[in-house]
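Asker: Got a structure for you, written out below as structure tokens; questions coming shortly.
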Amino acid sequence: MDFEFNKLNQIAFGYWHSNTFFALSDLGVFEFLGEGSHMIGEIAGACHFEVDAGRSLLNAGVALSLLKLATVGNFSNSPMALRFMTSGSKEALTNWVGVMGIWAKPWLTIADAIRTGRSVEPQGPVISADPDYTTKFILGMHEYASRGSDDIAAAVDLSEARTMVDVGGGAGTYSIAFCKRNPGLRSVIMDLPEVLEIADRMASEAGLRDRIELRSIDYRSSGFGTNVDCVLFSNVLHQESREVGRDMLERARAALSPGGKVLVHGHFLTEDRTGPVFATLHNLSARIIWDGGHSYTIDEMKSLMAEAGFESLDVAATPSGATKAILGRKPS
Ligand SMILES: C[S@@+](CC[C@H](N)C(=O)[O-])C[C@H]1O[C@@H](n2cnc3c(N)ncnc32)[C@H](O)[C@@H]1O
């Protein structure tokens, strides 16, 4: 066993694995198979692909444990695909995987983003311009984030808070989790108008539409209200430059009552910026697809929050430690 040879090739061939997955998803193979099993000819007819080429793709899907082969030419979803890749499943990640497939294209040009120091295909403007992308992105984030949102709501004590503003709140994943956890809390999701239509649906489905308000803003320039008890920035500040981030934090301070809390939630780098692996790649992703975007270490974010006038900076983490929230207090 040559560990280094294997490790290097695992990295080099990584995109063969993910692109096979994205192609199966994009062609609609998982959705068509659902709980059933079908012959390759039927699948090719329903998913509109050439039979021989498609057989190669599906066979690779079997090798990757995404599909199962009952008899020669007869395919079904693996338990993993049935759980995550069929939209009827409660745990579906279909929109999220679709977004990952879209982002695979700008990721291929990563060296250009690094050479120029600028994002290659900024995704910010696409959010308002392409409704299909917006739906996929916002629902995708909701699918992915709702698996851990209750954990962060449990880790942060907002029992005293009555009003929260969820800036760039997306589908409302965290407003929903915090409102469920804290029965006395009401939240205002502030986001782009196209996104709020989706948040409206999600808040209604969660039975919380009476405690969740929706407000259309541009977070780069709008105020965040007055006399609120808590302002939440969840997975938002890494999309913006440090200067924009500081300005947003200052506007959060202006919106808070004395003693109010700001909560910055997301993925943070270790202080030497070389870990955890996911956070280092998330940082690269921010540089590739968000203009000015980049990740922070906990200390870097704490000093940005202190510059914006916050004190008592504490850190709360989910049990898995995957994401963290930094809490700051507006001085009384
Ligand atoms: C990565 S998502 C985070 C969503 C949610 N807070 C979460 O943690 O799952 C970033 C959000 O910022 C919103 N956004 C981006 N640019 C914005 C702008 N200029 N004004 C308001 N919202 C914006 C996007 O629509 C999206 O919902």
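The values are calculated or read from the model by the stated rules, or taken from the named source; none is laboratory data. Just so you know, these numbers come straight off a predicted model, no measurement behind them. Backbone-built Cβ (ideal geometry, glycine too); neighbour counts: all protein chains shown. These accessible areas exclude ligands, DNA and RNA; they are computed on the full protein's heavy atoms, side chains included. Shrake-Rupley method; radii C 1.70, N 1.55, O 1.52, S 1.80 Å.
Asker: Anything in the range 97-124 that is hydrophobic (A, V, I, L, M, F, W, C) and either within 19 Å of Ala12 (Cα to Cα) or open to solvent by 40 Å² or more (accessible area, probe 1.4 Å) (or both)? List them, or say none. Working first, answer last.
Answerer: Going through the range 97-124, the residues hydrophobic (A, V, I, L, M, F, W, C) turn out to be 97, 99-100, 102-104, 107-108, 110-111, 113-114, 120.
Those that are hydrophobic (A, V, I, L, M, F, W, C) and either within 19 Å of Ala12 (Cα to Cα) or open to solvent by 40 Å² or more (accessible area, probe 1.4 Å) (or both): Met100, Ile102, Trp103, Ala104, Trp107, Leu108, Ile110, Ala111, Ile114, Val120.
Asker: Here's a follow-up. Of the numbered conditions (1) out of contact with any helix residue (DSSP H, G or I) (no Cβ under 6 Å at 6 or more places or on another chain); (2) touching a residue at least 40 places away in the same chain (Cβ under 8 Å); (3) open to solvent by 10 Å² or more (accessible area, probe 1.4 Å), Val165 fails exactly one; give the number of that condition.
Answerer: Condition (3) is where Val165 drops out.
Asker: To continue, here is another question. Out of (1) touching a Gly at 6+ places or on another chain (Cβ under 8 Å); (2) over 22 Å from Thr323 (Cα atoms); (3) in a helix (DSSP H, G or I), what's the single condition that is false for Asp200?
Answerer: Only one criterion is unmet by Asp200, namely (1).
Asker: Going residue by residue through the range 214-226, is there one that turns out to be touching a Gly at 6+ places or on another chain (Cβ under 6 Å) and without any contact (Cβ under 8 Å) to a residue 60 or more places away in the chain? Outline the logic, then answer.
Answerer: As a first pass, look at the range 214-226 and keep what is touching a Gly at 6+ places or on another chain (Cβ under 6 Å): 219.
When the remaining residues are screened for being without any contact (Cβ under 8 Å) to a residue 60 or more places away in the chain, the result is 219.
There is at least one residue in the range 214-226 that is touching a Gly at 6+ places or on another chain (Cβ under 6 Å) and without any contact (Cβ under 8 Å) to a residue 60 or more places away in the chain.
Asker: Might you let me know whether the range 281-299 holds any residue that is within 16 Å of the ligand (Cβ to nearest atom), assigned to a helix (DSSP H, G or I) and polar (S, T, N, Q)? Quick ask: steps written out before the conclusion?
Answerer: The initial filter retains those residues of the range 281-299 that are within 16 Å of the ligand (Cβ to nearest atom), namely 281-296.
So of that shortlist, the ones also assigned to a helix (DSSP H, G or I) come out as 281-289.
Those still in the list that are polar (S, T, N, Q) too: 283, 285.
Yes: one or more hits.
Results for (1) farther than 25 Å from Arg118 by Cα; (2) among the hydrophobic types (A, V, I, L, M, F, W, C), shown as yes or no for each residue.
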site: Ser221; (1), (2): no, no
site: Gly225; (1), (2): yes, no
site: Val228; (1), (2): yes, yes
site: Ser234; (1), (2): no, no
site: Leu237; (1), (2): no, yes
site: Met248; (1), (2): no, yes
site: Pro258; (1), (2): yes, no
site: Leu263; (1), (2): yes, yes
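Asker: Please work out if Ser37 is open to solvent by 50 Å² or more (accessible area, probe 1.4 Å), at negative phi and not acidic (Asp, Glu). Steps first, please.
Answerer: Working: open to solvent by 50 Å² or more (accessible area, probe 1.4 Å): yes; at negative phi: yes; not acidic (Asp, Glu): yes.
So Ser37 fits the description; yes.
Asker: Are any of the residues in the range 203-214 touching a Ser or Thr at 6+ places or on another chain (Cβ under 9 Å) and either open to solvent by 50 Å² or more (accessible area, probe 1.4 Å) or at pLDDT below 95 (or both)?
Answerer: yes
Asker: Okay, moving on. For the range 132-175: of the residues being part of a loop (DSSP other than H, G, I, E, B) and in contact with a His (Cβ under 9 Å, 6 or more places away or on another chain), which is farthest from the ligand (Cβ to nearest atom)?
Answerer: Kept after step one, since they are part of a loop (DSSP other than H, G, I, E, B), are these residues of the range 132-175: 146-148, 156-162, 168-172.
From what's left, in contact with a His (Cβ under 9 Å, 6 or more places away or on another chain): 156, 170-172.
Details: Val156: 14, Gly170: 3, Ala171: 7, Gly172: 8 Å.
If we take residues in the range 132-175 being part of a loop (DSSP other than H, G, I, E, B) and in contact with a His (Cβ under 9 Å, 6 or more places away or on another chain), then Val156 is farthest from the ligand (Cβ to nearest atom).
Asker: If you scan the range 195-237, which residues turn out to be near the ligand (Cβ under 8 Å from one of its atoms) and under 22 Å from Asp130 (Cα atoms)?
Answerer: Val195, Ile217, Asp218, Tyr219, Arg220, Asn235, Val236
Asker: Could you tell me whether any residue of the range 271-278 is under 23 Å from Phe137 (Cβ atoms) and modelled with pLDDT of 95 or more? I'd like the intermediate steps shown before the answer.
Answerer: Applying the first criterion (under 23 Å from Phe137 (Cβ atoms)) to the range 271-278 yields 278.
Now drop any that are not modelled with pLDDT of 95 or more, which leaves 278.
Yes.
Asker: Here is a further query. Could you tell me which of the residues Gly259, Gly225 is over 17 Å from the mean Cα position of the chain (by Cα) and either surrounded by 14 or more Cβ atoms within 10 Å (Cβ to Cβ) or in a loop (DSSP other than H, G, I, E, B) (or both)?
Answerer: Within the list Gly259, Gly225, the selection yields Gly225.
Asker: May I ask you to list the residues in the range 285-305 that are of a type in the set (Lys, Arg) and either closer than 23 Å to Arg118 by Cβ or under 15 Å from the mean Cα position of the chain (by Cα) (or both)?
Answerer: If we filter the range 285-305 for residues that are of a type in the set (Lys, Arg), which is where we start, we get 287, 302.
Within the range 285-305, just Arg287 meets the criteria.
Yes or no, residue by residue, for (1) modelled with pLDDT under 95; (2) open to solvent by less than 40 Å² (accessible area, probe 1.4 Å); (3) within 24 Å of Met141 (Cβ to Cβ):
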residue	(1), (2), (3)
His265	no, yes, yes
Arg287	yes, no, yes
Ser295	no, yes, yes
Asp299	no, no, no
Gly309	no, yes, no
Gly321	yes, yes, yes
Ser332	yes, no, no
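Asker: Among the candidates Ser56, Ser25, which residue alone is polar (S, T, N, Q), open to solvent by 40 Å² or more (accessible area, probe 1.4 Å) and at pLDDT 95 or above? First the steps, then the outcome.
Answerer: Details: Ser25 fails: open to solvent by 40 Å² or more (accessible area, probe 1.4 Å).
One residue alone meets the criteria, Ser56.
Asker: So which of Phe5, Phe49, Phe84, Phe13 is more than 29 Å from Tyr133 (Cβ to Cβ), among the aromatic types (Phe, Trp, Tyr) and without any contact (Cβ under 8 Å) to a residue 60 or more places away in the chain? If you could, list the steps in order and put the result at the bottom.
Answerer: On the way: Phe49 fails: more than 29 Å from Tyr133 (Cβ to Cβ); Phe84 fails: more than 29 Å from Tyr133 (Cβ to Cβ); Phe13 fails: more than 29 Å from Tyr133 (Cβ to Cβ).
None of the other options fit; the residue is Phe5.
Asker: I've got another one for you. Count, please, the residues in the range 238-250 that happen to be crowded, with 23+ Cβ neighbours inside 10 Å and either β-branched (Val, Ile, Thr) or away from the ligand (no atom under 13 Å from the Cβ) (or both).
Answerer: Residues in the range 238-250 being crowded, with 23+ Cβ neighbours inside 10 Å and either β-branched (Val, Ile, Thr) or away from the ligand (no atom under 13 Å from the Cβ) (or both): 1 in total.
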